[in-house]
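A quick write-up on the structure given underneath.
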Amino acid sequence: MKVADDGTILEVKDLSMRFQLTNSLFKSKRRYLDAVKKVNFAIKEGETFGIVGESGSGKSTIARMVTGLYTPHSGSVNFLGKEISKINHTAEVLPYRRQMQMVFQDPFSSLNSRMRVMNIVAEPILFHGLAKSREEAEHIVLDLLKLVGMSDDAYNKYPHQFSGGQRQRISIARALATRPRFLICDEPTSALDVSVQAQILNLLKDLQEELNLTMMFISHDLPVIRQMCDRVAVMQYGEILELNETENLFIEPQHQYTQHLLSLMPNLNLLNQQAQRHNSTGN
């Protein structure tokens, strides 16, 4: 498993996904939804690649095809020099899947409520044989929890005993348990309060630098995308309409839909001025 000579770690070609909405004996009466339509992009090692778009644009569907949760209707996913979308043998694909992990939008539903944090984070370590013993796995879990900023006694608790931000930290620890090179973050802060969002985003940036992670970051939140990503793909109705370096995209958007999305962003300077006026009047 190696990165391509040009630094590409992940490449998708003509990736498409079709869902059948209604079934019928007659093919002409079956109805389909083309959720993703011939999407192409490549991600370089060490970068954060953003995918932005409104709900239903196909962002999360792409993430699930890349990770193997969905089988593409057509097209290919090439990861670390291997076309993993065509691998059917579990033993053959596992080493590649170990190098690719996902952080989901809702940390509570993605964590098993009946398991203690120690077992939640240790599970992928033991499954992939990354520790010689249970004791070694538990030491790795404690290190991971410390890495994501959790307290020393967190390992012995259940998910419901934590706040949303703390649960997302646990989810990140679990994702890092397999020592991945590529991390997919699917709306990882959208279910959190604004102040907690900033903490999680800063944590992800620090972890990326410390662990040399490559990330695909999916969001509908343009300010978050601008803060986190090196390049951004803008999606609508399953298609990529524009792909550019982040600052170029925000300063000189080319596609009309991108311009529309940017027009909906709050004017931060205006908001700050309003807040200052509010504070000065004491209202």
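Observations on the model:
- All conditions but one from (1) more than 23 Å from L222 (Cα to Cα); (2) part of a loop (DSSP other than H, G, I, E, B) apply to L21; the one that does not is (2).
- Hey, S113 outside any helix (DSSP H, G or I), of a type in the set (S, T, Y), in contact (Cβ under 8 Å) with a residue 24 or more places away in the chain and surrounded by fewer than 12 Cβ atoms within 10 Å (Cβ to Cβ) or not: yes
- For region 72-101, a residue qualifies if it is of a type in the set (S, T, N, Q) and either assigned to a helix (DSSP H, G or I) or within 14 Å of V12 (Cβ to Cβ) (or both), and the qualifying residues are S74, S76, N78, S85, T90.
- Across region 124-132, a minimum of one residue is classified as without any contact (Cβ under 8 Å) to a residue 60 or more places away in the chain, closer than 29 Å to V196 by Cβ and in contact with a helix residue (DSSP H, G or I) (Cβ under 9 Å, 6 or more places away or on another chain).
- In this structure, M118 does not qualify as surrounded by 16 or more Cβ atoms within 10 Å (Cβ to Cβ), outside any helix (DSSP H, G or I) and not charged (D, E, K, R).
Residues are listed down the side, and each one gets a yes or a no for (1) of a type in the set (D, E, K, R); (2) surrounded by fewer than 16 Cβ atoms within 10 Å (Cβ to Cβ):
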| position | (1), (2) |
| --- | --- |
| E45 | yes, no |
| T48 | no, no |
| G53 | no, no |
| G56 | no, yes |
| K59 | yes, no |
| G81 | no, yes |
| K86 | yes, yes |
| T90 | no, yes |
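Throughout, read-outs are computed from the coordinates displayed, never taken from laboratory work. On a predicted model such as this, the values are computed, not experimentally measured, just so you know. Cβ sites come from the backbone with ideal geometry, for glycine too, and all protein chains shown count toward neighbours.
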